[in-house]
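Remarks on the structure that follows.
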Amino acid sequence: MQLFCRRTKVAQTALRFPHRFSCALLTVTLFSGCSILSANSGDGKVIDFVSREPIYHAAVELSCSIPRRGHGHDTKILRSESGPDGSFHFDPKDLKDCTFFSARAIKDGYGLDHMTDVLTRPDWENYSRMQKFVYLIKDSDQPMVLLENLSTQFMPAGPHVPGPQAPGDFAWVFARFIASKSIATTPAMVSWVREHYCARLQTAWSVLTDQQRAAMDIDGAGALDAGMFPSVRVLPDSYEKEARPYCS
């Protein structure tokens, strides 16, 4: 399958839901400045993000945008359903005039973590063909997926060292620690948060000077998805009030 188009920077989008929701919508692919020729097979597969097993009977919806002459575009919606092996199909004839398209999958009992688009980013590396996989996450798996995302993605590179960047590094880790605390509702999850944050927070706090600690007043919103977690204000007493009791 060949896609004849300019290679342009691809934007990723995902509809974002709190982890308690029971269904999910996930963008599969997004092209700008390309025409999908009839050689596009229109085939894809719905996959469980954690187990990597195929998902059967997921409703799949494809939004196809067709440019008008001059400016603007028209959008048509195509629908399919995943089979026993998770596969779905759209007629290539319906895709040939698309310059922008995205697919989403919906199934009861599955949800979409707000950072799944980041986790699946490697699958978006090849922009010359239609993205082949839609990932969904079971409701029961979402808390741990969220915790793992928060503890790894976009975290400051270690080790924590003294310097002008130290307050910002501490605030970033602390904001994600607070978000993780809100997710950890079982003893096992609480233990996981302590294992992955307590030593790091202690180190990040220890490299701050007394002046940096006293002047600490940082909005930690940049470390979080504002649609998923409330903003966190990191203040001089934040470590003593929040981190130390939780980690002791």
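Every number here is computed from the coordinates shown, using simple stated rules; none is lab data. Note that the structure is predicted; figures quoted are calculated from it, not measured. Virtual Cβ from ideal backbone geometry, glycine too; neighbours counted across all protein chains shown.
Any chance you could count how many residues in the stretch 220-248 are touching a residue at least 40 places away in the same chain (Cβ under 8 Å) and charged (D, E, K, R)?
At the first step, the residues of the stretch 220-248 found to be touching a residue at least 40 places away in the same chain (Cβ under 8 Å) are 220-225, 227-229, 232, 234, 238-239, 242-243, 246-247.
With the extra rule that they be charged (D, E, K, R), the set shrinks to 225, 242.
Matching residues across the stretch 220-248 total 2.
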Residues within the stretch 151-181 that are among the hydrophobic types (A, V, I, L, M, F, W, C) and touching a residue at least 60 places away in the same chain (Cβ under 8 Å), tallied: 6
Among all residue pairs at least 6 apart or on different chains, which show Cβ distances below 9 Å where the first residue, located in the stretch 62-77, is β-branched (Val, Ile, Thr) and the second is not in a strand (DSSP E or B)? Ile66/Asp97; Ile66/Cys98; Ile66/Thr99
For the stretch 179-188, name all the residues that are more than 20 Å from the chain's Cα centre (by Cα) and not small (Gly, Ala, Ser). Thr185, Thr186, Pro187
